[in-house]
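Novice: One structure is given below, represented as structure tokens, and several questions about it will come after.
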Amino acid sequence: MAWPQEIATRFAPSPSGPMHVGHLLAATHARQLADANGGRCLLRIEDIDQRSCAPEWVELMRQDLAWLGLRFDGEVMVQSERYAVYEDALRRLREMGVLYPCFCTRGEIKAQLAEMGRAPHSALGYLYPGACRNLSPDQVAEKMAAGIPHAWRINMQRVQDLIGCPCWEDLRRGVQRCVPTAYGDVVLARKELPTSYHLSVVIDDAEQGVTLVSRGEDLFEATHIHRALQGVLGLPVPHYYHHSLLRDNAGKRLAKRDGARSLASLREAGYTPSMIRSSLSAALANGGIWRI
């Protein structure tokens with residue numbers, strides 16, 4: 001498997017709470033890959049969801065990174081400063097005819113899935129059943145005029161018709177074939193959130209010149225969506241490395257929603273950066289089992 005000639009990785013946390021040990025793994029892995037290959041490791045703040053992200057979490061994150069001695073190269077990219085860039089991408093997708101407004105509420109989608117009996121689903125969850133995909137222009141205009149809230153979904157069948165099923169290189173799993181339709185017509189923007197993780201991440205990776213996306217294996221399936229967006233938007237395609245996740249003694253993933261220890265709490269408990277780095281190394285040598 002060929003690596004990129006010039007390595008540029010990135011650490012892209014979402015400041016919706018204190019950094020935890022899973023963040024430490026992601027940041028350390030990205031930095032180590034860059035250092036081992038004479039490359040750069042960039043920092044990006046993924047704060048597009050202003051309901052959950054807050055400046056105090058960004059400040060705490062900066063303190064944690066400084067305390068750990070993790071350094072990054074170049075300027076820090078902040079997603080909340082880039083909404084105009086994402087809107088331009090949405091405009092391009094509308095002009096291509098691959099974006100459509102979806103007026104379905106979550107409750108209506110749930111009811112549609114229930115009526116279908118065995119609802120189609122993927123590793124990322126249930127697929128959108130497509131109620132708004134084929135609305136006529138008159139129906140869309142009527143709903144728009146009535147001010148009905150809507151999201152913007154991408155028609156993956158049209159995307160697949162345009163770009164086929166392109167590949168990407170995963171440095172752990174080998175060459176992968178993208179199937180755009182496998183994960184349904186995902187939402188790329190909502191009224192309260194004028195972009196999405198999927199849209200922002202591919203645009204920002206291209207803007208920052210990221211050539212190697214290092215991230216947890218829980219995001220492997222999402223790469224199908226990202227490769228499809230790269231294809232239809234004509235963006236460069238980085239290599240990927242989906243690393244293992246940290247787990248507790250029972251094998252359960254360590255994540256913020258599951259009560260993973262925050263780095264701030266470890267610091268307050270008297271742990272030093274060297275102790276935490278040693279524990280991380282031991283965890284990786286022990287199948288990802290974290291013992292602090």
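Quick note: the coordinates plus some simple rules give every number you see, no bench work behind them. Note that the structure is a prediction, hence the values are computed from the model and not measured. All Cβ positions, glycine included, derive from the backbone under ideal geometry; neighbour counts span all protein chains shown.
Novice: Between VAL76 and LYS252, what is the label-point separation in nm under the 7 Å Cα-to-beta-carbon projection?
Specialist: 3.2
Novice: With angles folded into 0 to 90 degrees, how steeply does helix 83-96 sit against the dominant principal axis of the chain? Use alpha carbons for both and round to 10.
Specialist: It is inclined by approximately 40 degrees.
Novice: In the neighborhood of VAL213, defined by Cβ-to-Cβ distances under 9 Å, what is the net charge if each Lys or Arg adds +1 and each Asp or Glu adds -1? Numbers along the way, then the final one.
Specialist: Numbers: positive: ARG10, ARG215; negative: ASP205.
Computed value for this residue: +1.
Novice: With the chain treated as a Gaussian network of Cα nodes joined by springs under 10 Å, which of ARG153, ARG215, ARG51 yields the largest mean-square fluctuation?
Specialist: ARG51
Novice: If you fit an axis through the alpha-carbon atoms of helix 273-285 and take the longest principal axis of the Cα set of the chain, what angle between them do you get, 0 to 90°, nearest 10?
Specialist: 70
Novice: Calculated from DSSP H runs of 4 or more alone, at -39500 (n - 2.57) each and per residue, what is the 222 nm mean residue ellipticity of the chain, nearest 500?
Specialist: Mean residue ellipticity at 222 nm (helix-derived): -12000 deg cm²/dmol.
Novice: Under a no-solvent Debye model with one identical scatterer per Cα of the stretch 1-149, what's log10 I(q)/I(0) at q = 0.14, 0.16, 0.19 Å⁻¹?
Specialist: Treating every Cα as an identical point scatterer, log10 I(q)/I(0) equals -0.95, -1.04, -1.14.
Novice: Further question on the same structure: Longest exposed-loop-site-free stretch of the chain, with GluC sites (Glu not before Pro), DSSP loop and at most 11 other Cβ within 10 Å? If you can, show how the numbers build up before the last one.
Specialist: Values: sites that count: GLU75, GLU192.
In the chain, the maximal stretch lacking such sites is 76-191.
Novice: Something else now. Taking just the alpha carbons, could you work out the radius of gyration and Dmax for the stretch 143-266, both in angstroms?
Specialist: When restricted to Cα atoms, the stretch 143-266 yields Rg and Dmax of 17.2, 55 Å.
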